[in-house]
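The values are calculated or read from the model by the stated rules, or taken from the named source; none is laboratory data. Note that the structure is predicted; figures quoted are calculated from it, not measured. Methodologically, a virtual Cβ is constructed for each residue, glycine included, from the backbone with ideal geometry; neighbour enumeration extends over all protein chains shown. We work out accessible area using only protein heavy atoms, side chains counted, and drop any ligands, DNA or RNA first. Shrake-Rupley method; radii C 1.70, N 1.55, O 1.52, S 1.80 Å.
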Amino acid sequence: MRIIIFGPPGAGKGTQAKKVAEHLGIVHLSTGKMFRDAINEGTELGKLVKSIIDEGHLVPDQTVVDMVEETIANEDYSKGYILDGFPRTVEQAVAFDNLLERRGESVDVFISLHAPDHELIQRLLSRGEGRSDDTEEKIKTRLEVYKKETAPVMEYYQQAGMFRSVDGTGTVDQIFQRILSAIPKR
Ligand code: AP5
Ligand code: MG
């Protein structure tokens, strides 16, 4: 099972992807977390992306696509995975499709979580994990970047026919149940 969980900053992608991955016995791949780990470890990749992430902008498409390609080639990913934070531009979506096609694979479902901006902002401001991009100013930038560069990815998957829209408001468990209902049964 290959799932994409999509949504603006604070929509609950990470929270829900973790639960879905545990429930289905698949891997949770968060590109944002991979970058934050690289920054903390001080790797070349971390040095390259630090200022971009701190500002709330997007890492260049090719850097992200290469990282995802390398990661999903690992044996752990053969049973399936849930992608959180990728693809984030139409260019990434096209590159990912090409990559899957070369592997003879496809995406089973694209789950789009939505919640009003005021709720997203409230959640991010009270997250308390010390993320450098969780300040009022950087959250504003991230929401703008989402609307301009990331939201068009929804249309791409709507055309491809595996798009599911899920209400991202309510309790974590309510949302989780909605997501499970949106995942095709095998
Ligand atoms: P990324 O890590 O993906 O961050 P994001 O998209 O901004 O999203 P968040 O992680 O902030 O929110 P979330 O949707 O995961 O919500 P969460 O579950 O944590 O990306 C970070 C950066 O990395 C990007 O800005 C970019 O620079 C770079 N990057 C990553 N991928 C990239 C790509 N593909 N291309 C280019 N650049 C890339 O929930 C938020 C908070 O709300 C938590 O505290 C949570 O506990 C709480 N919460 C969750 N659900 C609920 C609920 N139902 N009710 C109340 N609170 C809730
Ligand atoms: Mg997240």
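Per the listing G32, G12, G25, the residue uniquely closer than 30 Å to Q158 by Cα, away from ligand 2 (no atom under 15 Å from the Cβ), among the small types (G, A, S) and at pLDDT 95 or above is G25. For segment 132-176, the set of residues classified as over 20 Å from P116 (Cα atoms) and not in a loop (DSSP other than H, G, I, E, B) consists of Y156, Y157, Q158, Q159, A160, listed by residue number.
Filtering segment 177-186 to residues that are open to solvent by 40 Å² or more (accessible area, probe 1.4 Å), in contact with a strand residue (DSSP E or B) (Cβ under 7 Å, 6 or more places away or on another chain) and not in a helix (DSSP H, G or I) leaves only P184.
For first residues located in segment 161-172 and surrounded by fewer than 13 Cβ atoms within 10 Å (Cβ to Cβ), partners that are not hydrophobic (A, V, I, L, M, F, W, C) and lie 6+ apart or on another chain with Cβ distances below 7 Å form the pairs D167/H114; D167/R178; V172/T15.
Kindly evaluate V107 against the criterion of being within 15 Å of the chain's Cα centre (by Cα) and either acidic (D, E) or in a loop (DSSP other than H, G, I, E, B) (or both). So V107 fits the description; yes. For segment 99-119, does any single residue satisfy the condition of being surrounded by fewer than 19 Cβ atoms within 10 Å (Cβ to Cβ), within 16 Å of ligand 2 (Cβ to nearest atom) and either aliphatic (A, V, I, L, M) or closer than 23 Å to A11 by Cα (or both)? Among the residues of segment 99-119, at least one is surrounded by fewer than 19 Cβ atoms within 10 Å (Cβ to Cβ), within 16 Å of ligand 2 (Cβ to nearest atom) and either aliphatic (A, V, I, L, M) or closer than 23 Å to A11 by Cα (or both), which makes the answer yes.
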